[in-house]
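The values are calculated or read from the model by the stated rules, or taken from the named source; none is laboratory data. The structure displayed is predicted, hence computed values, not measured ones. No Cβ is skipped: glycine too gets one built from the backbone with ideal geometry, and neighbour counts run over all protein chains shown. When the accessible area is computed, the model is the full protein with side chains, heavy atoms only, and any ligands, DNA or RNA have been set aside. Shrake-Rupley method; radii C 1.70, N 1.55, O 1.52, S 1.80 Å.
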Amino acid sequence: VYGPRGVALDSARQRLFVADTYNNRVVVFDVSTIDAGQAAVYVLGQANFSSASADGTQSTLRSPSDVAVDVSSGRLFVADTGNHRVVVFETTVLWNGKAASLVLGQGNFTAQSSSSSSTGMWSPSGVAFDPAYSRLFVGDTGNHRVLLFDAKSLATGMAAQNVIGQSDWGWSSSGLSASALSS
């Protein structure tokens, strides 16, 4: 790994997901047993373990910085920072280079522009899944905000349900108060 950042555990399937930022991929480890120097069993965002190209397609990533897992459904959420999006992988069955099933922050898998709208993102760097209410939180760093998505009905390009850190969708300024965020 080169620049590992976010990690998430799927306790139901005994898998550890690691955002391998500078290799533009997510590596997956089987943690049913753990040995020193253990090799990953799968890679997402690249076709194989020897590739590290940065791109923005349904099967590639650019500087992923965080991961979160919905254990009940087996979905993996990846903050694909360099592509200004969050991609979602169905992980109940995995293989190297598996394509994402949907994308948030962009209208399709090849768009890569930043935006401060309810459907856009600018360098998202964190993701957290709330299993109690089936909500996905996205740390939208460039827009100085946190986006909230209803994970029960996710769809490609859908608008966030709510925003924290900004007064409305048109703002993306940093602040220092109880209702503002900076990066």
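Which one is farthest from the chain's Cα centre (by Cα), of the residues in the stretch 3-37 that are in a loop (DSSP other than H, G, I, E, B) and modelled with pLDDT of 95 or more?
Applying the filter and picking the extreme gives Ser32.
Restricting the search to the stretch 116-134, which residues are more than 15 Å from the chain's Cα centre (by Cα) and over 12 Å from Gly157 (Cα atoms)?
Answer for the stretch 116-134, where residues must be more than 15 Å from the chain's Cα centre (by Cα) and over 12 Å from Gly157 (Cα atoms): Ser116, Pro131, Ala132, Tyr133, Ser134.
Of the numbered conditions (1) free of Cβ contacts under 8 Å to residues at least 60 places away in the same chain; (2) open to solvent by 10 Å² or more (accessible area, probe 1.4 Å); (3) in contact with a Ser or Thr (Cβ under 7 Å, 6 or more places away or on another chain); (4) under 23 Å from Phe149 (Cβ atoms), Val71 fails exactly one; give the number of that condition.
(1)
Looking only at the stretch 55-68, count how many residues are assigned to a loop (DSSP other than H, G, I, E, B) and open to solvent by less than 10 Å² (accessible area, probe 1.4 Å).
Qualifying residue count, the stretch 55-68: 2.
For the stretch 117-164, which positions are without any contact (Cβ under 8 Å) to a residue 60 or more places away in the chain, open to solvent by 20 Å² or more (accessible area, probe 1.4 Å), aliphatic (A, V, I, L, M) and not in a loop (DSSP other than H, G, I, E, B)?
Those that are without any contact (Cβ under 8 Å) to a residue 60 or more places away in the chain, open to solvent by 20 Å² or more (accessible area, probe 1.4 Å), aliphatic (A, V, I, L, M) and not in a loop (DSSP other than H, G, I, E, B): Val146, Leu148, Val163, Ile164.
Only one of (1) closer than 16 Å to Ser125 by Cβ; (2) touching a Pro at 6+ places or on another chain (Cβ under 9 Å) is not met by Val71, so which one is it?
Every condition holds for Val71 apart from (1).
Do we find that Leu76 is closer than 30 Å to Ser11 by Cβ and assigned to a strand (DSSP E or B) in this structure?
When the stated conditions are applied, Leu76 passes them.
Can you confirm whether the stretch 75-84 contains a residue that is crowded, with 18+ Cβ neighbours inside 10 Å, in contact with a Ser or Thr (Cβ under 9 Å, 6 or more places away or on another chain) and over 24 Å from Arg25 (Cα atoms)?
no
Of these, Gly120, Gly157, Gly126, which one is closer than 19 Å to Val69 by Cβ and touching a Gly at 6+ places or on another chain (Cβ under 7 Å)?
The unique qualifying residue is Gly126.
If you check Asn96 against the conditions, is it in a loop (DSSP other than H, G, I, E, B), in contact (Cβ under 8 Å) with a residue 24 or more places away in the chain, in contact with a strand residue (DSSP E or B) (Cβ under 6 Å, 6 or more places away or on another chain) and open to solvent by 20 Å² or more (accessible area, probe 1.4 Å)?
Here the answer is yes, as Asn96 does meet what is asked.
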